[in-house]
Amino acid sequence: MGPMMGAPTDMKSRTAAKRMVTGRILHMKFRPIPFKLLFGVSLCSASFAQVPIQPVQWSGSTSPRTSVEQGSTIEINLSAEVQEGWHVYGLTQAPGGPTPLRVTLDEDGVVQIVSVKSVTASVKKHDPSFDLETEFYPGSFSLDIQTQVKQQAAAGDQSVPVSVRFQACNDRTCLPPKTIHLSVPIEVRRGT
């Protein structure tokens, strides 16, 4: 078989061909990529990133804020900061539709639930998406959880693990139900 057409056959020709290609590369003018183009590409790639939507932020505190005796009652105050345009379904939401708001405490914990009530009035409205009457909080709201400190609770600084299950929606979409976990500090002192 003979050499390929156009391919240099001897060493001098190959070296000369390499110099010619290298010379062309060295004499090419590289233009900087405009900043606007780089910025536009970075914005496009950022818009495809999956950013979790968190329209509700929760916090908890106790009342009274002083130490409590074993066997006494204490109120846990939960606050939900809801972003504008979002809502959270209520405590007494009827079955067959969105997930109702639920508050639970760890059964092995320091306190037990006596009752849960809403401090903020909810809105009741027919929702055509679910074809039923819904109850929801159209903005930020608060809940009071009446609890009793267990007789066998250890004295000293304790934390009350609170779980809140809720569903948040806006006019276009509903997020899947979510459970968040809070830890509310209390100080327990021995009963007299």
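What's the total number of residues in segment 148-176 that are more than 22 Å from Gln112 (Cα to Cα), out of contact with any strand residue (DSSP E or B) (no Cβ under 6 Å at 6 or more places or on another chain) and part of a loop (DSSP other than H, G, I, E, B)?
Summing the residues that are more than 22 Å from Gln112 (Cα to Cα), out of contact with any strand residue (DSSP E or B) (no Cβ under 6 Å at 6 or more places or on another chain) and part of a loop (DSSP other than H, G, I, E, B) in segment 148-176 gives 5.
How many of the residues making up segment 120-147 are loosely packed, with under 14 Cβ neighbours inside 10 Å and assigned to a loop (DSSP other than H, G, I, E, B)?
Of the residues in that region, 4 qualify.
Return only the number of the condition from (1) loosely packed, with under 15 Cβ neighbours inside 10 Å; (2) assigned to a loop (DSSP other than H, G, I, E, B) that Lys117 does not satisfy.
Exception for Lys117: condition (2).
Looking only at segment 133-192, which residues are small (Gly, Ala, Ser) and on the phi < 0 side of the Ramachandran plot? Before you say what the answer is, go through the steps one by one.
Filtering segment 133-192 for residues small (Gly, Ala, Ser) gives 139-140, 142, 153-156, 159, 163, 168, 183, 191.
Answer for segment 133-192, where residues must be small (Gly, Ala, Ser) and on the phi < 0 side of the Ramachandran plot: Gly139, Ser140, Ser142, Ala153, Ala154, Ala155, Ser159, Ser163, Ala168, Ser183, Gly191.
Considering only segment 65-75, I want to know if a residue exists there that is over 30 Å from Val188 (Cβ atoms) and at pLDDT below 90.
Kept after step one, since they are over 30 Å from Val188 (Cβ atoms), are these residues of segment 65-75: none.
Within segment 65-75, none of the residues are over 30 Å from Val188 (Cβ atoms) and at pLDDT below 90.
The values are calculated or read from the model by the stated rules, or taken from the named source; none is laboratory data. Only a predicted model underlies this, so the values are computations on that prediction, with no experimental measurement involved. We place every Cβ from the backbone using ideal geometry, glycine too, and count neighbours over all the protein chains shown.
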